[in-house]
Amino acid sequence: EPRIVAKRQPRVAGLEEVIVHLYAQGQSTRAIQETLKQFYGADVSSRLVSEVTDSLLKEVQAWQARPLEKVYPIVYFDALFVESREEGSVQTRSVYVALAIDMQGPREGAVSWLNIFGELKARGMEDCFIACVDGLRGLPEAIETVFPDARVQLCIVHQMRKSLR
């Protein structure tokens, strides 16, 4: 009798999300297989891991190729430096960021965030484990409305600022 996959169930519920999470952390296909075996008792093929990660890459490429607005009044250009594991060593890489404000302008508020969370859900995002947020009033409730199981946590920068008050 299977321990994790029920009869006539093609895959473990949530397994693809775990694979994506491990892949996003820089784990290799083999490391993902070993992690799933160790923690879930699940034997998964390298083919399954590759299929899941390949489908993720297709989604990212589609998002990157989506049509943009013709005009953005303000665009911020910057680079973030992040550490990534490559071929067994940690490398510092730059991530180039272009962040645009559309013609409606900046409009941060819990209602705007609720709309964004709804869009994420409509595009296929089912859940998140931890939501790191600033202290915007109503934001935790907006997250809870769309992602009821998510834990809301104040981001570290805002925690530090709050502790110094």
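Structural remarks
- Estimated 222 nm signal from helices in the chain, with DSSP H stretches of n ≥ 4 weighted -39500 (n - 2.57), rounded to 500: -13000 deg cm²/dmol
- Across the chain: Cys residues that no other cysteine approaches within a C-beta distance under 4.7 Å: Cys128
- For the chain, a simple Cβ point-charge model (Lys and Arg +1, Asp and Glu -1, everything else neutral) yields a dipole of about 160 debye relative to the Cα centre.
- Potential lengthening between Ile116 and Glu34 on full extension [0.36 nm per residue; Cα-Cα distance subtracted]: 26.0 nm
- In degrees, nearest ten, helix 15-24 long axis to first principal axis of the chain (Cα): 60
- Listed residues Val157, Gly105, Ala122: farthest to the positive end of the dipole of segment 103-158 (Cβ charges): Gly105
- Each DSSP beta bridge with both residues in the chain is either parallel or antiparallel, and the antiparallel ones are about 75%.
- Packing-based ranking of 117-129, 78-90, 19-31 yields 19-31, 117-129, 78-90, ordered from highest to lowest mean Cβ neighbour count within 10 Å.
- Under 28 Å, Cα to Cα: Lys pairs in the chain, sequence gap 8 or more or different chains: 5
- Proximal charge balance of Tyr23 [Cβ under 15 Å; K/R count +1, D/E count -1]: -3
- Loop-resident GluC sites (Glu not before Pro) (DSSP state other than H, G, I, E or B) in segment 8-71 with no more than 11 further Cβ atoms inside 10 Å of their Cβ: Glu69.
- Modelled FRET efficiency - R0 25 Å, Ile101 with Leu57, Cβ distances, 0.05 increments: 0.30
- Helix 46-64 axis versus longest C-alpha principal axis of the chain: approximately 20°, rounded to the nearest ten.
- Angle in degrees between helix 29-40 and the longest Cα principal axis of the chain, rounded to the nearest 10: 80
- Summing charges over neighbours of Leu57, with a neighbour being any other residue whose Cβ is under 14 Å away from its Cβ, gives -3 when K and R count +1 and D and E count -1.
Computed from the coordinates by the stated procedures, all read-outs in this text should not be read as laboratory data. Note that the structure is a prediction, hence the values are computed from the model and not measured. Heads up, the Cβs are rebuilt from the backbone with ideal geometry, glycines too, and the neighbour counts pull from every protein chain shown.
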